[in-house]
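The values are calculated or read from the model by the stated rules, or taken from the named source; none is laboratory data. This one's a predicted model, so the numbers in the text were calculated from it and none came from an experiment. Cβ coordinates were reconstructed from backbone atoms using ideal geometry, including for glycine residues, and neighbour counts include every protein chain displayed.
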Amino acid sequence: MTLDDILAGLFPNGSKIDMTGAMIAGQATLPDGKPIHVLGVTQGQPLGADEAIVLAGRVIEIVKSGDRAPILFLVDSASQRMSKRDELLGLSEYLSHLAKTLLLAEAEGHRTIGLLYGGSAAGAFIATALATGTLVALPGAHPAVMDLPSMARVTKLPIDVLRAKAEATPVFAPGLDNMVLTGGIHAVWDEAAPLAPQLAAVLQRPQGQDDRGRLGTERGGRRKAAELAARVAFAAASHHGARHG
Amino acid sequence: MEKLSFRLTAARSAGGTRAQAIVGVVASGNLEVLLERSHPADTCTIDIATAAHGFGAVWDAVVRDFVARRSAGGLRISINDGGARPDTVALRLAQGIRKIEEPER
Amino acid sequence: MTAVTANANSLSWYEASARQRIDALVDAGSFAEFIGPELREISPHLAIFDLPEQFDDGIVIGRGRLDGAPVLVAAQEGRFMGGAFGEVHGAKLTGLLRAARALEQDVLILFDTGGVRLQEANAGELAIAEIMRAVIEARRAGVNVIGLIGGRAGCYGGGSLIAGTCSRLIVSEQGRLSVSGPEVIETNKGIEEFDSRDRALVWRTMGGKHRYLIGGADTFVDDEALAFREAAINALKAGRRCDVTVLEAEQTRLERRLQRFGAAEDAVEIWERLGIDQPTEIPGLPTGAFLRAAANRENADDAR
């Protein structure tokens, strides 16, 4: 689906969304008449310091407005921008800052919904989609940490071997199905059905704790993370940790 | 990974009172050694998972020499090996004994 | 109360193991590990690649005391799989941060990481996201989360994004902080963009001195465990909020950095714009002289 199709499907009551480069920002009206903020990175572009700071600034303005309206963050990006300039300027702080503003918004009572409708990878994925309270995707979305050819180069394994291993586990290979199985994506929407009710359903979910570990356990793609994190918290709370040298 | 297991009779049991100790790191040419005080005083077991295949005879010689020379009785020793040379293995085993024998604070 | 003592021996932070760093950082004898190596909570995924496992999966977590105060501590082992985040490794840190929020205890994270472990990339990436959220939730509950960066593997990839959520960062000259590593940039964009074998370029673009000068880190210390300990004790005394005021201040700070230095082609140009007399001398300066030269650096006080 194109971005225009998606926006039209999400907001039949209309929206006012500006595009600056590959970034979008604006507002729309939900079917129940309430407002929703819309932000995004589009066109499969990389996310660098210049883009992250603009998006973060918008999120801060929204939080300061005190309207507590939900924020929909649309994502179709590449990875973080890989450049000497971005790293020289401290890209990690810019990406973290954007993620922090989204986490702040969620904590301050704005529902933050990520909608992955294209690609995203590595630092860009962490700073945008994965920093929202609930991440959903459209079929055809293709999240990745690293593509398989690059992975083959780094792990020094033939790509055929990697492909065979990827059949056996969702834990490392790129792709939407694997990110769903490991609990990173809450739900994949039905693109044949109207989008607005599907967004309304997500907005009706109670705001709560990070449940990605639980989803990973239930779906079988990440069986250990939730249980282990809970055991650590239990060990820390109890007064007798094991001592050893 | 190749898995090797040894169960040896030890003449001397490990000193000190610590329940366990760990030394080393799993990296290329290095290994980690976990020592746990969990066997009868005359017994030492050593379980090895190694990235370098086909060196069973070398491991056999290194661990037998270790148990003969050091106070290893009572210890369950577990090794994750990233392809360390025999002298590095012997060094880590000796460090492990020293560590588990350290006085507790 | 008993006297608080550090383990007094000189120890290079860069050379030390994760366990040695913890022992040197917290009060002598105060550390108790959670999910220790004897529980053998190894990665369930490395066997798929026939790779060796480590009993603690490359991260040591637990509680201890710092100058008498209870703290939670996590230390990554940069020599095992590059200190990278996998499912187990990440979940241990997530659990520790959630405990910090519940117990309202400050946290020290000893970073030493290349980022996400590719053999379990999806689990590692999600762990990073879960950790960042847990850091912010802990900070909003009033907990300090201090990052210490000076290990062999640096603090790269997702690790650098976690560092960006910390309330304070302590760095040594050896501590590199960057999203894309030198090899990653060179592989993807060519040697003209970044020559990963040019070590001087790597250090001045990503190293601790540059990060301290532009406000990417709050405290610069020698590569000495005791120096990290002193800095951590001080860092725990600083503010601990993470609200809209702090993030607005960070927004202003990062916008200003782009305006001030956005056109620079090299770190030396940035140092010159900071008013440093002999910017080309910065990499060679010992700590005392460097800190004097850095008097007019950008800082991130109350803006992180």
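Would you pick out the residues in region B:56-105 that are over 23 Å from B:Arg12 (Cα atoms), more than 14 Å from chain C (Cβ to nearest Cβ) and not in a helix (DSSP H, G or I)?
B:Arg85
How many residues are without any contact (Cβ under 8 Å) to a residue 60 or more places away in the chain and more than 27 Å from B:Leu35 (Cα to Cα) when one looks only at region C:55-71? Give the steps one after another, and end with the answer.
So the first thing to find is which residues in region C:55-71 are without any contact (Cβ under 8 Å) to a residue 60 or more places away in the chain, and the list is C:55-64, C:70.
Among the residues that remain, those that are also more than 27 Å from B:Leu35 (Cα to Cα) are: C:70.
The qualifying residues number 1.
Scan region A:179-195 and tell me whether some residue there is of a type in the set (Gly, Ala, Ser) and closer than 22 Å to C:Gly95 by Cβ. Walk me through how you get there before you give the answer.
Within region A:179-195, the first condition is being of a type in the set (Gly, Ala, Ser), and the residues that meet it are A:183-184, A:187, A:192-193.
Now drop any that are not closer than 22 Å to C:Gly95 by Cβ, which leaves A:183-184.
For region A:179-195, residues of a type in the set (Gly, Ala, Ser) and closer than 22 Å to C:Gly95 by Cβ: present.
Kindly indicate whether any position in region C:112-119 is surrounded by fewer than 24 Cβ atoms within 10 Å (Cβ to Cβ), within 7 Å of chain A (Cβ to nearest Cβ), in a helix (DSSP H, G or I) and modelled with pLDDT under 95.
Yes, that holds for at least one residue.
For C:Ala18, indicate whether it is more than 10 Å from chain A (Cβ to nearest Cβ), of a type in the set (Gly, Ala, Ser), closer than 25 Å to C:Ala127 by Cα and free of Cβ contacts under 8 Å to residues at least 24 places away in the same chain. Break it down stepwise before answering.
Numbers: more than 10 Å from chain A (Cβ to nearest Cβ): yes; of a type in the set (Gly, Ala, Ser): yes; closer than 25 Å to C:Ala127 by Cα: yes; free of Cβ contacts under 8 Å to residues at least 24 places away in the same chain: no.
No: the conditions fail for C:Ala18.
Quick one: would you say C:Gly86 is more than 15 Å from the chain's Cα centre (by Cα) and within 18 Å of C:Gly150 (Cβ to Cβ)? Quick ask: steps written out before the conclusion?
Details: more than 15 Å from the chain's Cα centre (by Cα): yes; within 18 Å of C:Gly150 (Cβ to Cβ): no.
So C:Gly86 does not fit the description; no.
Conditions: (1) within 9 Å of chain A (Cβ to nearest Cβ); (2) outside any helix (DSSP H, G or I); (3) over 27 Å from A:Pro143 (Cβ atoms). C:Ala102 meets all but one. Number of the miss?
Of (1) within 9 Å of chain A (Cβ to nearest Cβ); (2) outside any helix (DSSP H, G or I); (3) over 27 Å from A:Pro143 (Cβ atoms), only one is false for C:Ala102: (2).
Given region C:212-296, what helices (runs of 4 or more DSSP H) lie entirely inside it while holding 3 or more residues that are away from every other protein chain (no Cβ under 14 Å), over 21 Å from the mean Cα position of the chain (by Cα) and closer than 28 Å to C:Tyr14 by Cβ? It would help to see each step written out before you state the result.
Details: elements: C:225-235, C:244-261, C:267-273, C:287-293.
Of the helices (runs of 4 or more DSSP H) lying wholly inside region C:212-296, those with at least 3 residues that are away from every other protein chain (no Cβ under 14 Å), over 21 Å from the mean Cα position of the chain (by Cα) and closer than 28 Å to C:Tyr14 by Cβ span C:287-293.
Determine the pairs where a residue that is under 14 Å from C:Gly207 (Cβ atoms), located within region C:158-183, has a partner that is part of a loop (DSSP other than H, G, I, E, B) and among the hydroxyl-bearing types (Ser, Thr, Tyr) with Cβ atoms under 6 Å apart, the partner being 6 or more residues away or on another chain.
Taking only residues 6 or more apart or on different chains, the pairs are C:Gln174/C:Tyr14; C:Pro182/C:Ser196.
Residues of region C:132-170 being within 12 Å of chain A (Cβ to nearest Cβ) and in contact with a Gly (Cβ under 7 Å, 6 or more places away or on another chain), which ones?
C:Ile149, C:Gly154, C:Cys155, C:Tyr156, C:Gly157, C:Gly158, C:Gly159, C:Leu161, C:Ala163, C:Cys166, C:Leu169
Among (1) within 11 Å of chain B (Cβ to nearest Cβ); (2) under 22 Å from A:Ser238 (Cα atoms), where does C:Arg63 come up short?
(1)
Give me a count of the residues in region C:34-60 that are of a type in the set (Phe, Trp, Tyr) and surrounded by 22 or more Cβ atoms within 10 Å (Cβ to Cβ).
Step one: of region C:34-60, the residues of a type in the set (Phe, Trp, Tyr) are C:34, C:49, C:55.
Right, trim to surrounded by 22 or more Cβ atoms within 10 Å (Cβ to Cβ) and you get C:34.
Residues meeting the conditions: 1.
Condition first: without any contact (Cβ under 8 Å) to a residue 40 or more places away in the chain and in contact with a helix residue (DSSP H, G or I) (Cβ under 6 Å, 6 or more places away or on another chain). Now tell me which residues in region C:231-246 satisfy that.
Of everything in region C:231-246, just one residue is without any contact (Cβ under 8 Å) to a residue 40 or more places away in the chain and in contact with a helix residue (DSSP H, G or I) (Cβ under 6 Å, 6 or more places away or on another chain), namely C:Val244.
Scan region C:266-280 and tell me whether some residue there is more than 18 Å from C:Gly147 (Cα to Cα), crowded, with 19+ Cβ neighbours inside 10 Å and out of contact with any Leu (no Cβ under 9 Å at 6 or more places or on another chain).
Taking every residue of region C:266-280 in turn, at least one turns out to be more than 18 Å from C:Gly147 (Cα to Cα), crowded, with 19+ Cβ neighbours inside 10 Å and out of contact with any Leu (no Cβ under 9 Å at 6 or more places or on another chain).
Given the residues A:Ala127, A:Ala229, which is the only one that is in contact (Cβ under 8 Å) with a residue 40 or more places away in the chain, at the interface with chain C (Cβ under 9 Å from one of its Cβ atoms) and not acidic (Asp, Glu)? Show your work before the answer.
Values: A:Ala229 fails: in contact (Cβ under 8 Å) with a residue 40 or more places away in the chain.
Result: A:Ala127 is the single residue among A:Ala127, A:Ala229 that is in contact (Cβ under 8 Å) with a residue 40 or more places away in the chain, at the interface with chain C (Cβ under 9 Å from one of its Cβ atoms) and not acidic (Asp, Glu).
Can you spot a residue in region A:159-173 that is touching a residue at least 40 places away in the same chain (Cβ under 8 Å), touching a strand residue (DSSP E or B) at 6+ places or on another chain (Cβ under 6 Å) and not aliphatic (A, V, I, L, M)?
no
Can you give me the number of residues within region B:15-43 that are crowded, with 22+ Cβ neighbours inside 10 Å and part of a loop (DSSP other than H, G, I, E, B)?
Counting residues in region B:15-43 that are crowded, with 22+ Cβ neighbours inside 10 Å and part of a loop (DSSP other than H, G, I, E, B) gives 1.
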